[in-house]
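Student: Before anything else, here's the structure in question.
What follows is calculated from the coordinates using simple rules that are stated; it is not laboratory data. Not measured: the values here are computed from a predicted model. Neighbour counts run over all protein chains shown; Cβ positions are idealised from the backbone, glycine included.
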2 protein chains.
Amino acid sequence: MRKIVECIPNFSEGCRTEVLDQIVESIKAVPGAVVLDRESDPNHNRSVVTFVASPDHVVEAAVAAAKTAAQLIDLTKHRGEHPRMGATDVIPFVPISGVTMEECVALARICGERMWSELEIPVYLYEKAATRPERENLATLRKGQFEAISAEIATIESRRPDFGETRVHPTAGITAVGARPPLIAYNVNLDTADVEIAGKIARAVRHQTGGLRYVKALGFELKDRGIVQVSMNMVNYEGTPLFRAFEMIKREAERYGVRVVGSEIVGLIPQRALNAVADFYLQLEKFSEDQILEHRLAGAMEESEA
Amino acid sequence: MRKIVECIPNFSEGCRTEVLDQIVESIKAVPGAVVLDRESDPNHNRSVVTFVASPDHVVEAAVAAAKTAAQLIDLTKHRGEHPRMGATDVIPFVPISGVTMEECVALARICGERMWSELEIPVYLYEKAATRPERENLATLRKGQFEAISAEIATIESRRPDFGETRVHPTAGITAVGARPPLIAYNVNLDTADVEIAGKIARAVRHQTGGLRYVKALGFELKDRGIVQVSMNMVNYEGTPLFRAFEMIKREAERYGVRVVGSEIVGLIPQRALNAVADFYLQLEKFSEDQILEHRLAGAMEESEA
């Protein structure tokens, strides 16, 4: 199977299109790196780029992007709603096919080492690449943002970076580099205008407040439609599949006499996450992905090339 | 998008492995033709080969296979449970990606013309490639099999082939060449030993007896498990999707106090047929296949190669 790693770096620039253009170009300049998506949010003043590459090239592309970002973004002048600590704020490596999580952790370490040695940007390792449990959570790591970390990195032991000396880059700050499973942004819409119900169901379904282990959730109003939404991040779709969260929300909604009117996937979803849904609802026996025509075809093509 | 046609020729030989080996080799010898599957049934004395190729090469591979079959199979000596009329009995062309049904009909005509001009095997066009409504159905076309067609082809107008003179090939018979949507073999298992219930539900769900337009169905016993099965051919999964047949069977079973214990896909299924199931049960809003990571990746790869 072809080895593919996904990388989704976040940059602290969501307004100047030309800056993002140059960052994207520096990724595309690396052989075999393919940019799948880019999204900028002016309110957050932040952009997210999604690209894929082989394990041999993915770090090169990530470091190239971080170098461009360090040249063009000055964090001392950055303002935006979203918390941030670096010009390149986070670099997660995600196993897509033919690659293990352990390999992605190893890539995060190589990337972290290069960020310091080549760009003088210190690095925290996070999520599956974290070197201590309290660094797994990005929000904890980023507490106080660029300003607090700049002030405390030299003096507070818990702020010490995993790679680099105890000083942030003067304008590019510090970057969190990690490895994690694919994340799916998944929302379920409810036929009520009462946002409290969405909030209650979000608390029931999310891990933090007693719900499903790999679900983060919040309740929102969709004012233009006069309905509400349970908005989720499915942080490990193999551990907690979409259908399980969907069915749980449907059942909780019933308790308030409310119905699910639909759900939506925001951005990208791995094919396997959808296949698991079909498998569940059709109650499939002995189903294998090798029965999917496109899957078999890809396998046969590789064999005939080998 | 890459242009892919699937071809699933059926051969009247299910016992002599070496014959099928040679047929498969003659397909593989055509550049770009990839064999995905082969299955032989000794009782039926029949084999099914599944391969894919571009529209430019798929006919070449089908004719090459038919040529080998004509050299190695003598229909005058063939016995088996399954009805047949040719050494190569049927050749359906199926649009998989980047190809329309009309293109597959055109391929069937080119193939039919070559079967006669190169191999002296006459051809009936069937299903979407049929030249008259009564030839759409393969079973109607094959009535009386090789023996009856041999006797009647010269004298009965309705037996006249679409390509070739009014005589069958002395040992290779006559072949049905056509175009059709992908076929999915899909079974639903019921928690009862009463095969009559499976039969009643099969009659409710199948087109022929008032059910869903693109479903063929029969009831069977699964003796080893002590349960029964509604066994279906989904002949057009876009017209009648899997979830609709599944839900209908579930509801009909309830009426007898019986439950669905599982379902199974036999052989290959196109990815889109599974995606439609996930879309239905999650009640997805505004979902596009372009949101599937692998789909986006394939598209981006092609762009970067172009």
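Student: Please give the average number of partner chain Cβ atoms lying within 10 Å of the Cβ of each residue in B:285-295, rounded to a whole number.
Tutor: Across B:285-295, the average partner-chain Cβ count within 10 Å equals 6.
Student: Output the 0 to 90 degree angle, nearest 10, between the alpha-carbon long axis of helix B:242-255 and the longest principal axis computed from the alpha carbons of chain B.
Tutor: That works out to roughly 60 degrees.
Student: In Å, what Rg and Dmax follow from the Cα atoms of the protein assembly as shown?
Tutor: For the protein assembly as shown, the Cα radius of gyration and maximum Cα-Cα distance read 29.6, 101 Å.
Student: Now for a different question. Per Stokes-Einstein, at 20 °C and 1.002 mPa s, what whole-number D in µm² s⁻¹ belongs to segment A:228-280, with the Kirkwood radius over Cα pairs as the hydrodynamic radius?
Tutor: 177 µm²/s
Student: At A:THR171, with labels set 7 Å past Cα in the Cβ direction, how many nm apart are the copies from this one, shortest first?
Tutor: Result for A:THR171, in nm, nearest copy first: 8.3.
Student: Hey, for B:LEU222 with labels 7 Å out along Cα-Cβ, what do the inter-copy distances come to in nm, ordered shortest first?
Tutor: In ascending order, 3.8 nm.
Student: Let me ask something else about it. Kindly identify segment B:78-130 as rounded, prolate or oblate by the Cα gyration tensor criterion: order the square roots of the eigenvalues as a ≥ b ≥ c, call it rounded if a/c is under 1.5, otherwise compare a/b with b/c, prolate if a/b is larger, else oblate.
Tutor: Note, shape of segment B:78-130 comes out oblate.
Student: Next question, about the same structure. Quick one: what Rg and Dmax do you get for segment A:156-306 from the alpha carbons, in Å?
Tutor: So, for segment A:156-306, Rg and Dmax equal 20.6, 58 Å respectively.
Student: Follow-up question, since we're still on this one. By count of other Cβ within 10 Å, fewest leading, how are A:VAL123, B:VAL30, B:VAL63, B:VAL52 ordered?
Tutor: With the fewest neighbours first, A:VAL123, B:VAL30, B:VAL63, B:VAL52 line up as B:VAL30, B:VAL63, B:VAL52, A:VAL123.
Student: A further question follows. Based on the Cα coordinates of chain A, what is the per residue volume of their convex hull in Å³?
Tutor: Once divided by residue count, the hull of chain A is 152 Å³.
Student: List A:ASP21, B:ASP74 from most exposed to least, where exposure is judged by having the fewest other Cβ atoms within 10 Å.
Tutor: Starting with the residue having the fewest Cβ neighbours, the order is A:ASP21, B:ASP74.
Student: Which whole number gives the average, over all residues in B:98-108, of C-beta atoms from other chains lying within 10 Å of the residue C-beta?
Tutor: 0
Student: Given 5 Å bins starting at zero, what is the percent of C-alpha pairs of segment B:1-147 in each, up to the one with the largest pair distance?
Tutor: Values per bin, smallest distances first: 2, 10, 20, 23, 22, 15, 6, 1, 0, 0.
Student: Which whole number of Å³ per residue matches the convex hull of the alpha-carbon atoms in segment A:147-211?
Tutor: Dividing the Cα hull volume of segment A:147-211 by its residue count gives 188 Å³.
Student: Right, here's the next one. Angle check, please: helix B:271-281 long axis (alpha carbons) against the longest principal axis of chain B (alpha carbons), in degrees 0 to 90, nearest 10.
Tutor: Between helix and principal axis, roughly 20 degrees.
Student: What is the fewest-to-most order of B:LEU107, A:LEU218 by other Cβ atoms lying within 10 Å of their Cβ?
Tutor: With the sparsest Cβ surroundings first, the list reads A:LEU218, B:LEU107.
Student: Cross-link list A:LYS143/A:LYS216; A:LYS250/A:LYS286; A:LYS223/B:LYS250; A:LYS3/A:LYS128; A:LYS28/A:LYS223; A:LYS28/A:LYS128: which exceed 30 angstrom alpha carbon to alpha carbon?
Tutor: Violating the 30 Å limit, Cα to Cα: A:LYS223/B:LYS250; A:LYS28/A:LYS223.
Student: GluC sites (Glu not before Pro) within segment A:65-136: which are DSSP loop residues with at most 14 other Cβ atoms inside 10 Å?
Tutor: Here the sparse-neighbourhood loop sites are A:GLU81.
Student: May I pose another question? What percent does the relative contact order of chain A come to when contacts are Cα pairs within less than 8 Å and at least six residues apart?
Tutor: It comes to 14 percent, rounded to a whole number.
Student: With angles folded into 0 to 90 degrees, how steeply does helix A:293-305 sit against the dominant principal axis of chain A? Use alpha carbons for both and round to 10.
Tutor: Roughly 40 degrees between the two axes.
Student: Based solely on its DSSP helices, what 222 nm [θ] is calculated for chain B when runs of n ≥ 4 H residues each add -39,500 (n - 2.57) and the sum is averaged over all residues, nearest 500 deg cm²/dmol?
Tutor: -11000 deg cm²/dmol
Student: So for segment A:20-94, Kirkwood radius off the Cα pairs, Stokes-Einstein at 4 °C and 1.567 mPa s: how many µm² s⁻¹?
Tutor: 101 µm²/s
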